[in-house]
Amino acid sequence: QTVCECIVVLKGIKEVSWKSAKGMMSEANFLKSLKEMDVDGITPKQVSTTKGFLKELDMSIEDMREKSSAGAGLLKFVVAVVGYCEVAREVKPKREKVARLEKTYHMAKRDLDKINKELERLEGELKALNDKYEAAMEEKRQLQEEAEIMERRLIAADKLISGLGSENVRWTAELQDLKQ
């Protein structure tokens, strides 16, 4: 009777009595309802009430098996659900923290992907600018070489003109001599 009343408390039935427990067990899908029970929705008050009943009962599963194998199975179920609820109470904040951290991780990953795409775009732009710079530097080098060649030619032409200038004086003097 006490084990069944524990199940009544865990299922959230308002009237905790042997009568409501018998009514609950007489349902056609009683075992299925136990298997599908929302154990995450059990409140701490329900757990403490159930623990109180179990403390009053003060019986192990083996002792219960000697009296009733069905009662032992139900007691084992109640003990397992209470144990789950105690563990879940400690695990719930950790699960919530994991969910928050996963959300933060996914947001950071999305931001990282966005930054990586921007970085790739900037690296492509930088490469294009570097290629353009290299081409401009090559053109500058070629123009400098051409300017140096032109300067050497200018110096050579200037020497040639000065050399021919002195020849002009000599040729003019020779022309005068020949005219005489």
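Per-structure values
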item: Given (1) 111, 13, 11; (2) 38, 20, 15; (3) 66, 26, 13, the label whose value is semi-axes √(5λ) of the Cα gyration tensor in Å derived from this model; result: (1)
item: Segment 24-80 - accessible surface per residue (Å², probe 1.4 Å); result: 68
item: Solvent exposure, largest accessible area first (probe 1.4 Å, DNA, RNA and ligands not counted), of 42, 13, 161, 61; result: 161, 13, 61, 42
item: Ranked order, 162, 60 - accessible area, probe 1.4 Å, largest first; result: 162, 60
item: Cβ-Cβ FRET estimate between residue 90 and residue 59, R0 fixed at 35 Å, reported to 0.05; result: 0.85
item: Shape call, segment 37-81: gyration tensor on alpha carbons, a/c limit 1.5; result: oblate
item: Cα gyration tensor shape for segment 81-140, rounded if a/c is under 1.5, else prolate or oblate; result: prolate
item: Area of residue 132 that stays accessible when all protein chains are in place (1.4 Å probe, Å², to 10); result: 150
item: Net length gained if the chain between residue 129 and residue 151 were fully extended (0.36 nm per residue, minus Cα distance); result: 4.7 nm
item: Whole-number percent relative contact order across the chain, with pairs defined as alpha carbons under 8 Å at least 6 apart; result: 18
item: Sequence of 155, 7, 149 when ordered by accessible area, the most exposed leading, probe 1.4 angstrom; result: 155, 149, 7
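The values are calculated or read from the model by the stated rules, or taken from the named source; none is laboratory data. Everything numeric in this text was worked out from a predicted model, so none of it was measured. In this analysis, Cβ positions are derived from the backbone assuming ideal geometry, glycine residues included, and neighbour counts consider all displayed protein chains. Please note that ligands, DNA and RNA were not included when accessible areas were found on the heavy atoms of the full protein model with its side chains. Shrake-Rupley method; radii C 1.70, N 1.55, O 1.52, S 1.80 Å.
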